[in-house]
Each structure stands twice: as C-alpha cells, then as structure tokens.
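Laboratory data are not the source of any read-out in this text; all were calculated from the coordinates shown. These numbers were taken from a predicted model, which means no experiment stands behind them. Here the Cβ is made from the backbone with ideal geometry for all residues, glycine too, and neighbour counts use every protein chain on show.
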Amino acid sequence: MKLSKLAFQVTKNPPANADTVNHKLLVQAGFVRQLMAGVYTYTPMGLKVLRNIENIIREEMNAVGGQEILMPALHPKINHQTTGSWNNIDVLFKLKSRTDKDYALGHSHEEIVTPLAKELINSYKDLPLALYQIQWKYRDELRSKSGILRGREFFMKDMYSFHADQKDFEKFYNNVKDAYLRIFKKLGLTAKVTEASGGSFTQKISYEFMVLTDAGEDDILYCDECNYCVNNEIAKVKEGDRCPKCGAPLKMGRASEVGNVFDLGQKFAKDFDLTFANQAGEKNYPIMGCYGIGVSRSMGVIVEKYNDAKGIIWPASISPFTVSLISLNGAEEYALKIYETLQKNNINVLLDDRSESAGSKFAAADLMGFPVRLVISPRNGEKIEWKKRDQEASELIDLETVLERLKTA
C-alpha cells in the first residue's frame, strides 16, 4: 500500500475531546474516527488491526472445540422477557418498530443462543457443545468514555458452552482459560485471571482477565509471586496483606478487563426449557458457560500499554503493516523496487511516497507504530536503513539481510 493512496492518514493534532491515550493516538494516527461518544468508525488500518486480533482469537477458539456462528444483533422482546433481562438489564437498548413491535439490540446473546441450541441438544451424546461468534454488541452506557475501551457499540467474541454436569463445565473452562492466556500472550498482553462477582448475568463467581493499565476502570489486588488476583470490590484482603496462596505481600493496581468467563448454571436452559436425556433416560437441564473477549477493547488496551511520546508501538502479531518504507528525495526509483520486492515476499509494507519532508515522514512512521522502519536515501546508495519501532538504534544493511530479518520480525 502507498501512503499517498491510503484513506484516513495521520493528522498533526490529536482530537480536542480525547481523554485517554488510545483515543488520542488511534484518531491521530488514522486508525479510527469518532462518530459520537462511544461509537467509532474503523478505518482501513484500524480494521486490519481488528481482523488480526479476531484471527488470533478464532484460531484458539477453534482449537478448544468451539464452532463459529453469527447471530442476529436485533432481538425480539419475547426472548428477553423470557429471561427477565427486558426489565432487569439497564444497559439494554430497546427499539420500537413501525408495526409497534418491541426489539432489543444485543448486549449479549444468551437469549438467542439458548433456544438455538434446542435444535442441537437432545441427549447427553450431544454434549458438550460450544458455539461462538465475533459480533458487534450494543450497551446503553450512561457515560461512554476512555476511547474504544468503553463504547456503546463494541466488537466482541462471545462463546457459549453446554455441559451435562458441573465437572464437564469446569474441565472445559480450564481449557478455555489456558486458550485465553495464549491469546493475550500473542496480543502482547499479560492478563491476570481475577475473581469477580457475576453481576447482572449470574450470581455465581465469575473470572475476569485483567491487564494493568492506568486507563483501567477496576482496582485489583494481585500477587507478583504467584497467580493470585481478585477484584478489589469483593476482596477480603487489602493492599499489603499476605497473599492467601503464597504469603507474599499483595499489591493494588488499576486494570482494564479484556475478557471474562461466567458460570451461567442452568438459568437460561430452564428459562427456555432446554433439556437433554441423560444416560438413565432422565431429563436434565445442561450447565451453561459464557466466555467473552473484547476485540475492540483489547485493541485500545494494547495502545494504552504500547506507546511512547512519538506514538503507537504495535506488537508484530496485530500490526496492520510490518514495515514503514520511507523514500527520501532522489531515491524514489530504488524505493519502488524495494517496495515491490517486499510485496513479492508477502511482507505487508506501507510506502510513504508523499512529497513531504524527511522529518514529517519519520514522525508519521513513529505515530503509526509499525514494527520496522526502512529508509531509502540517495546518500546510502543501495544500503537500507533498518530501525525497529521499539528501539532507538538504526543500522545500514543490504536487501538480502532485510528480507532475512523480516521473516522473523
């Protein structure tokens, strides 16, 4: 891709209403545009990031046995009346059609997936079953804030599993937990598995996957010596107390939730009369689990975590381009040759072919934050200046070395 042809380019000034790093940098670097509070357009580069995160999640969900579907975002009122969410979920967007019928926009999909699963579940032999989707969700937040960390419209992976008993659910949960930790590691995030209240969805204990960041909305107590972590709201310990698992002193930190797991029990199965015949031929209600990952939210958390005074520093696994290729005056022909060679080698490259100063091009590359910057300059002949975004040092190397290094960049 050539930067001169790219829709939504970098801007010199951040948005005036930006109150968080992710909002400021994502708009200024050309990844998103805000339509209104909590609602964003994702530009070609922003969409590439979402798709890269999405694909990492999809790979791991398929590996644990999840089957991908796509459910409607527009829900009939009766489904939410059946579960009680029509009157009990305060963030539910409600709509009335011209035919005077009531609908809701999906804040979650238990009300849709459970009756759908009735078509598939009749016997214990049909269990376990896990269905997931990657979909837009809608929540009527009173105060949408923190850029794309807390939106009224947001992109999310939600999976729902059905089990013959609690033991099978817990086995599957552990598999999903391990998959979640792999996902966040691939995204460049260290997520702490945090005990929390089930909130509106369930009265059971749930688990949140939290990443430490100053832009977070929760306080967590955690241990650096082991994996103990708890949301401060339900904690029976306080900062400085000894860890219940290993005895080390507990720390408190601000954190942002990037994923969660709920044990839904049999509530939704009972609401929709979803039953299966066990081995004795008796009818039982399956145990349900719900597993969410915020795709757009994770993108915002990554920007909050990986940035410096110059801009974003994307992890290579989700960066929209691997290389920022900069052509300085007089090197256009050679730069185009390098650009075409990189493309032939299946390397995602953005060529800055604009008629701008070297300083302007360097600033744009730093702001967008791709892993590697290559500079083609007349004074360097056929040598190429190589610099990684997260390092200060640069060096001159030949094209063969560039290609070899980019295989593992």
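Worth a mention:
- Taking one quarter of the surface of the convex hull spanned by the alpha-carbon atoms of the range 321-406 gives a direction-averaged projected area of 4.9 nm².
- When the convex hull of its Cα atoms is projected in every direction, mean area for the range 19-67 (nm²): 4.4 nm²
- Kirkwood Rh (inverse of mean 1/r, distinct Cα pairs), the range 290-359, angstrom: 14.6 Å
- Choice from 364, 248, 316 with maximal GNM fluctuation in the chain (Cα, 10 Å cutoff): 248
- Compared with the dominant Cα axis of the chain, that is its longest principal axis, helix 166-186 is turned about 10°.
- Mean Cβ count within 10 Å, highest first, over the residues of peptides 296-302, 72-78, 98-104: 296-302, 72-78, 98-104
- Among the listed pairs 5/48; 118/270; 157/251; 157/177, those beyond 19 Å (Cα-Cα): 157/251
- Across the chain, Cα-Cα pairs farther apart than 27 Å form 57% of the total.
- Evaluated over the range 80-202, the Cα radius of gyration and Dmax, each in Å: 17.0, 49
- Average Cα contact separation per residue, the range 108-209, under 8 Å, 6 or more apart, as relative contact order %: 19 percent
- P(r), alpha carbons of the range 176-287 - 5 Å bins starting at zero, rounded %: 2, 11, 17, 18, 16, 12, 8, 7, 5, 3, 1
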